[in-house]
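The values are calculated or read from the model by the stated rules, or taken from the named source; none is laboratory data. Nothing here was measured: the structure is a model prediction, and the numbers come from that model. FYI the Cβ positions are ideal-geometry reconstructions off the backbone, even for glycines, and counts take in every protein chain you see. The area values use the complete protein model at the heavy-atom level, side chains included, leaving out ligands, DNA and RNA. Shrake-Rupley method; radii C 1.70, N 1.55, O 1.52, S 1.80 Å.
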Amino acid sequence: MRAIMARTAGGPGVLEPHDYLEPEPLAAHELVSVVLAGVNSADVLMREDSYVSPLQFPFVPGRELVGHTLDGRRVVALTSQGAYAEKALVHQGLRWEIPDGVTNEQALTLAVDGQSAWHMLNTVLKIQSYEKVLIPCAASSLGSFAIQFAKLHGCLVVAMDDDEEKLQIARQLGADAVVNSSEVDGLAARIRAAAGGPIDAALELVGGELFTATLDALGFRGRMVIDGCSSRDHGNAKGKLTFGTKQLNGFWLPDLLANLFAVEQTMQMLFDAIESGAVKAPAGHRFLLEHANLAHEALAAGMPGKVFLDVAAIKYYY
């Protein structure tokens, strides 16, 4: 089969097409013919060999996919790696049959980004309807879901991103106020001004100066949850946490996957939200499998919406 392999750590150029053996059968797993593969920040970190868990090269990247099982069911699934390929082995507890009212593209946005946004807001931050919530990277797939989930919960949502086009997407999703984060000087004050006061709960995805500004914008007993760090810098937050009695929480989606029943419930809830129209899936940006390097570059450049690889289309190009 055809797959994308990273033989060594490095930039997007290390992602190259290769002939690859189909995965060997494994207990409690099943083989899925991949149609679409999601491109996520975790894939970038793994390619760079800077991911939170150890990794051995060479490897086939990709942690989420949509495809068909051997008996023809249409499923969305999570896997530790290997989704950038024509076939992937997935655990039976981490693949979910897609309802007829949900498209492949919509389903792909839910496995990582939909689940992460929901659990960061509800499981970790435990947002309340009267609170002011800050959502960064507002036009990203995860940010788009987070805005909608927080609004459905009744929160006042302040969306933050680095250009006006992305902020317009946030407005269309229902954000009550927006803040341009392209200029970090005075950012914390601008966040508070947009919210009409200190922030109660915030997501943090970038690190560096945006992390510091977000922490400064939190009010007394304000909470922040961190998922990822594209800047690779979280600085020293000790003093800022102490003064203001603020709370800093980490989040890593794989930690939740041990509770397969809870994850199953979340996925069914997300499917229902998409089918009913209560939540809109973010726009998708499609790349051929052979262009995985370009997809990684687009993600790193902050392309709004969901970046994914069209694996099924590869047969027309090889």
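Points worth noting:
- Lone qualifier among E97, E48 - being in contact with a Lys or Arg (Cβ under 9 Å, 6 or more places away or on another chain), more than 23 Å from N180 (Cα to Cα) and open to solvent by 10 Å² or more (accessible area, probe 1.4 Å): E97
- Residue in the range 113-122 that is modelled with pLDDT of 95 or more and surrounded by fewer than 18 Cβ atoms within 10 Å (Cβ to Cβ) present: yes
- Of the residues making up the range 58-65, not a single one is closer than 19 Å to T103 by Cβ and touching an Asp or Glu at 6+ places or on another chain (Cβ under 6 Å).
- Where a residue in the range 236-258 is within 13 Å of T123 (Cβ to Cβ) and its partner, wherever it lies, is at pLDDT below 85 and not in a loop (DSSP other than H, G, I, E, B), with Cβ under 9 Å and at least six apart: L256/A262
- So A88, is it open to solvent by less than 50 Å² (accessible area, probe 1.4 Å), over 22 Å from P304 (Cα atoms), more than 17 Å from the chain's Cα centre (by Cα) and not hydroxyl-bearing (S, T, Y): yes
- Condition met for G250 (out of contact with any helix residue (DSSP H, G or I) (no Cβ under 7 Å at 6 or more places or on another chain), exposed (fewer than 13 other Cβ atoms within 10 Å of the Cβ) and at pLDDT below 95): yes
- Cβ-Cβ under 8 Å pairs, at least 6 apart or on other chains, the range 142-166 side under 22 Å from V39 (Cα atoms), far side surrounded by fewer than 24 Cβ atoms within 10 Å (Cβ to Cβ) and among the acidic types (D, E): L142/D227
- Looking only at the range 265-318, and only at residues there that are part of a strand (DSSP E or B) and open to solvent by 50 Å² or more (accessible area, probe 1.4 Å), the one that is farthest from H18 (Cα to Cα): H285
- With respect to the conditions (1) free of Cβ contacts under 8 Å to residues at least 40 places away in the same chain; (2) open to solvent by less than 30 Å² (accessible area, probe 1.4 Å), E183 falls short on a single one, namely (2).
- Strands (runs of 3 or more DSSP E) wholly inside the range 65-156 containing at least 2 residues that are closer than 30 Å to L218 by Cα: 132-135
- Unmet requirement for L55, which otherwise passes all of (1) over 19 Å from the mean Cα position of the chain (by Cα); (2) open to solvent by 60 Å² or more (accessible area, probe 1.4 Å): (2)
- Within the range 21-44, the residues that satisfy the criterion of being in a strand (DSSP E or B) and either open to solvent by less than 40 Å² (accessible area, probe 1.4 Å) or under 20 Å from P254 (Cα atoms) (or both) are H29, E30, L31, V32, V34, V35, L36, A37, G38.
- Screening D216, D200 for residues that are open to solvent by 30 Å² or more (accessible area, probe 1.4 Å), at pLDDT 90 or above and touching a helix residue (DSSP H, G or I) at 6+ places or on another chain (Cβ under 6 Å) leaves exactly one candidate, D216.
- Checked against the criteria, N259 does not count as within 27 Å of L45 (Cα to Cα), in contact with a Pro (Cβ under 7 Å, 6 or more places away or on another chain) and not small (G, A, S).
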